[in-house]
1. Need one number: % antiparallel among DSSP beta bridges in the range 118-236, to the nearest 5.
2. For the range 155-289, what is the convex hull volume of its Cα atoms per residue in Å³?
3. Using only Cα atoms, tell me the angle between helix 60-73 and the longest principal axis of the chain; keep it within 0 to 90° and round to the nearest 10.
4. In the range 237-307, what GluC sites (Glu not before Pro) fall in a loop by DSSP, with at most 13 other Cβ atoms inside 10 Å?
5. DSSP loop (so not H, G, I, E, B), at most 16 other Cβ within 10 Å: list which GluC sites (Glu not before Pro) in the range 30-96 pass both filters.
6. For the range 118-236, what does the relative contact order come out to in percent, with C-alpha contacts under 8 Å and a separation of six or more?
7. Using a 4.7 Å Cβ cut-off, which Cys residues in the chain lack a partner cysteine?
8. May I ask for the net charge around G131, where only other residues with Cβ less than 15 Å from the Cβ of G131 are counted and Lys, Arg are +1 while Asp, Glu are -1?
Amino acid sequence: MSDAYDVIIIGGGPAGLTAGMYCARARLKTLLLEKAFTGGQIVNTERVENYPGFPDGISGFDLGMLMQQQAQKYGLQIVYAEVSSINNKSNYEKIVDTNEGSFVAKSLIIAGGAEHNHLDVPGEQEFVGRGVSYCATCDGAFYKDQDVAIVGGGDSAVVEAIALTRFASKVYLIHRRDALRASKIVQEQALSNPKIEFVWDTVVLAIEGDAKIEDLKISNVKTQKQTTLKVAAVFVSVGLHPNTAFVKDIVSLDKGGYIIANEKMETGVDGIYTAGDIRLNSVRQVIAAAGDGATAALNAERYLLES
Ligand code: NAP
């Protein structure tokens, strides 16, 4: 157990990085494991306008990098590795297996976030990287002066539709209902943007093309009328699902796969905490994820004091 960490945090989004900062400042030996890139989903967000302290907004990428720098300044270690399983050997011995080896900790904070949902229609997989994208901020600039589509009616889709108008000649926003889920202020911006054409009550049937996307087959769910849009790209922004496959036998999950936790971020398993979008009833906001991370870290610290 000499190599054991006090805390291992799984996931490097706002929840994990905030937990990391709190644990490191508490002088706990803390490791954060991240499978892809730190910053979490916000790195794909063009502008975060509702994180307190940034009255003019801040790019999601910059906010993520600032959180990482702040945590590392206090000694947080970060290893890029994908977790495959967890073995809860005893109260103060948790083994985390990854593609980079195994790590041991006295406590865990699971903050693995959520991943993009897919449309699961013909052509979606085939055209990933050739017109199908899950990140308008990353790929929007490739489609300068071309017509593109974005699917979804939540904050992500609507914010990204607005961002895409900087490049595209026209943005079709395809939503399966006739009312957006996105917050009102974002809706107002999109509805008044002349480059965005709303395609209501509509689902995507197939994405077609040759070397790259050419046609988007869509269907109106009220009239059943099928039509084709000529677009160069389809951005899929239809929500998220939690990354909990590796903990399903350790902690309790709801039917959607989200981790059930109390207000202390306790999962019900001694020494295992959670934080952020991966937990049930998260409001899925950066500020809330950061708050969860702080709560989880402070309660992990208290747990370790009893060891
Ligand atoms: P979301 O709020 O869950 O919205 C997903 C959208 O996709 C909904 O409009 C949903 O339609 C639609 N959808 C789901 N499955 C679909 C399918 N199979 N086919 C077609 N449409 C489908 O997800 P999100 O927009 O990614 O946002 C996630 C969270 O992050 C939210 O809490 C959001 O507020 C937050 N967020 C905040 C900001 C910000 O504060 N600036 C920016 C981005 C995201 P229905 O409406 O019919 O269910």
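Read the figures in this text as sums done on the coordinates, not as results from a lab. Please read all numbers here as calculations on a predicted model, not as lab measurements. Note that each Cβ is placed from the backbone with ideal geometry, even for glycine, and that neighbours are counted across all protein chains shown.
1. Details: 12 of 28 bridges.
Percentage antiparallel, nearest 5: 45.
2. Details: hull volume 22.1 nm³, N = 135.
In the range 155-289, the Cα hull volume divided by residue count equals 164 Å³.
3. 10
4. Numbers: sites: E263, E266, E301, E306; in loops: E263, E306.
Passing both the DSSP loop test and the Cβ count: E263, E306.
5. Numbers: sites: E34, E46, E49, E82, E93; in loops: E46, E49, E82.
The qualifying sites are E49, E82.
6. Details: 260 pairs, mean separation 37.9, N = 119.
Over the range 118-236, the number comes to 32 percent.
7. Cys with no partner Cβ under 4.7 Å: C23.
8. On the way: positive: R130, K144, K212, K217, K230; negative: E124, E126, D139, D147, E208, D210, E214, D215.
Computed value for this residue: -3.
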